[in-house]
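Here's the structure we're looking at; comments come further down.
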Amino acid sequence: MSQERMTERRYFVDLGLLTLEVHFESEERMTFTVVAGGGMVPDGHVETVAITAAEIRPDVFLTSWKEESGATITHLEDFERGVVHSRITLPDGTPLALTGTIKPLD
């Protein structure tokens, strides 16, 4: 999967206490919808963010962004294996490390 093929795709991300639907609109833009926020963010929250994405190897991407809340997120998305490693720094500086699944919705 080249970065071009990642665009215009939708995925379901399950990180345990946090689940999201993400839509990679372009190489620089993503919209996410929080399905279950696990107390970190309200359920149903929708936000469009500027992203930086780099292909590490075929089907593996390192993607990062900053949210309106000030939280910063970095994902290592392994589409081949359906695994995502998420590193989050909450607005108060608290770091979180979550691992879960990523599955295509379309």
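The values are calculated or read from the model by the stated rules, or taken from the named source; none is laboratory data. Just so it is clear, the model here is predicted, and its values are computed rather than measured. Because the Cβ atoms are built from the backbone with ideal geometry, glycine has one as well, and the counts that use them run over all protein chains shown. Note: areas computed on protein heavy atoms with side chains; ligands, DNA, RNA excluded. Shrake-Rupley method; radii C 1.70, N 1.55, O 1.52, S 1.80 Å.
I'd like to check something: does the range 85-95 contain any residue that is under 19 Å from Glu25 (Cα atoms) and touching a residue at least 60 places away in the same chain (Cβ under 8 Å)? Checked against the condition, which is being under 19 Å from Glu25 (Cα atoms) and touching a residue at least 60 places away in the same chain (Cβ under 8 Å), the range 85-95 yields no hits at all. Checked against (1) outside any strand (DSSP E or B); (2) over 16 Å from Val22 (Cα atoms); (3) free of Cβ contacts under 8 Å to residues at least 24 places away in the same chain; (4) not polar (S, T, N, Q), Met40 passes all but a single condition, namely (3). Residues in the range 21-35 that are open to solvent by 40 Å² or more (accessible area, probe 1.4 Å) and in a strand (DSSP E or B): Glu21, Glu25, Arg29, Thr33, Val35. Could you go through the range 64-73 and let me know if any residue there is within 19 Å of Phe12 (Cβ to Cβ) and either touching a His at 6+ places or on another chain (Cβ under 8 Å) or among the basic types (Lys, Arg) (or both). There is no residue in the range 64-73 that is within 19 Å of Phe12 (Cβ to Cβ) and either touching a His at 6+ places or on another chain (Cβ under 8 Å) or among the basic types (Lys, Arg) (or both). Being farther than 17 Å from Thr74 by Cβ and at pLDDT 95 or above is the filter; apply it to the range 1-15 and report the residue that is most open to solvent (accessible area, probe 1.4 Å). Here the residue is Arg10.
On the stretch given as the range 52-106, residues that are open to solvent by 40 Å² or more (accessible area, probe 1.4 Å), in contact with a Phe, Trp or Tyr (Cβ under 9 Å, 6 or more places away or on another chain) and part of a strand (DSSP E or B) total 9.
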